[in-house]
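First the structure, in the form of C-alpha cells, and then the observations on it.
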Amino acid sequence: MPIERYLTIGEVAQRSGVAPSGLRYYESLGLISSERTPGNQRRYERTTLRRVAFIRTASRVGLTLDEIGEALATLPEARTPTAEDWTRLSRSWRPLLDARIAAIERLRDDLDSCIGCGCLSLERCVLQNPADRAAALGPGARYLEGDSPLDAARAAGSSTS
C-alpha cells in the first residue's frame, strides 16, 4: 500500500471537515471504506474525499444516509467516478428533490397564512388535524404532507367499511 496514495483518518477529517467519529460512522454504514495497516490503522484512498464531499452535499439537500448509500452503491468500485457518473446520479434524485421542494413550499405558504393570525386555536388552524380526521392517512401532519381533507374523508370511509 503506497503511502502517498492513502490518507490517514486525521488527514481525511481535516480535509473533508468531517470528524473522525463521523468517518468511522460512514464506514460502518458502508458509505466509505478503508484499508488497514499492519498496526490496524485506517488508510483511505484519496478518492474517499470525493465520496465524503458527496455525502455531505447530499445530506445538506435533505437526503437520508440510506438514500445516499443506495446512490453510492451505483458508482464504480474499481475506478474513480467520472463526471458522467455523478451527473447520472444527481439526475436520479431530481424527482425526490422536486417533491421535497414542493412540500417545503406548501409548508411555507401555510405558515405565511398563520403568522400573525393570532387564532391560537388548534381546531381552526390549517396546520393542525382537528379531531384526528386524517389519522387513516398515516402519522404526522398529513395535510402538510400533501394529503387533502377529501383524501382524509375517503380514507375514513374505507376504514369503516
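Read-outs: derived from the displayed coordinates by stated rules, not from any lab. Not measured: the values here are computed from a predicted model. We place every Cβ from the backbone using ideal geometry, glycine too, and count neighbours over all the protein chains shown.
Calculate the tail of P(r) for the stretch 3-92: the fraction of all Cα-Cα distances greater than 19 Å, expressed in %.
Summing the P(r) tail past 19 Å for the stretch 3-92 gives 38 percent.
Sort SER16, SER90 so the one with the fewest other Cβ atoms within 10 Å of its own Cβ comes first.
The fewest-first ordering by Cβ neighbours comes to SER90, SER16.
Please give the contour-minus-distance gain from SER21 to ALA156: 0.36 nm per residue of separation, less the Cα-Cα distance, rounded to one decimal in nm.
Additional length available on full extension: 43.9 nm.
Are there any trypsin sites (Lys or Arg not before Pro) in the stretch 1-46 that are in a DSSP loop and have at most 15 other Cβ atoms within 10 Å? List them by number.
Those satisfying the criteria are ARG46.
Specify the inter-centroid distance of the stretch 66-98 and the stretch 1-52, based on alpha-carbon positions, in whole Å.
Distance between centres, Cα-based: 20 Å.
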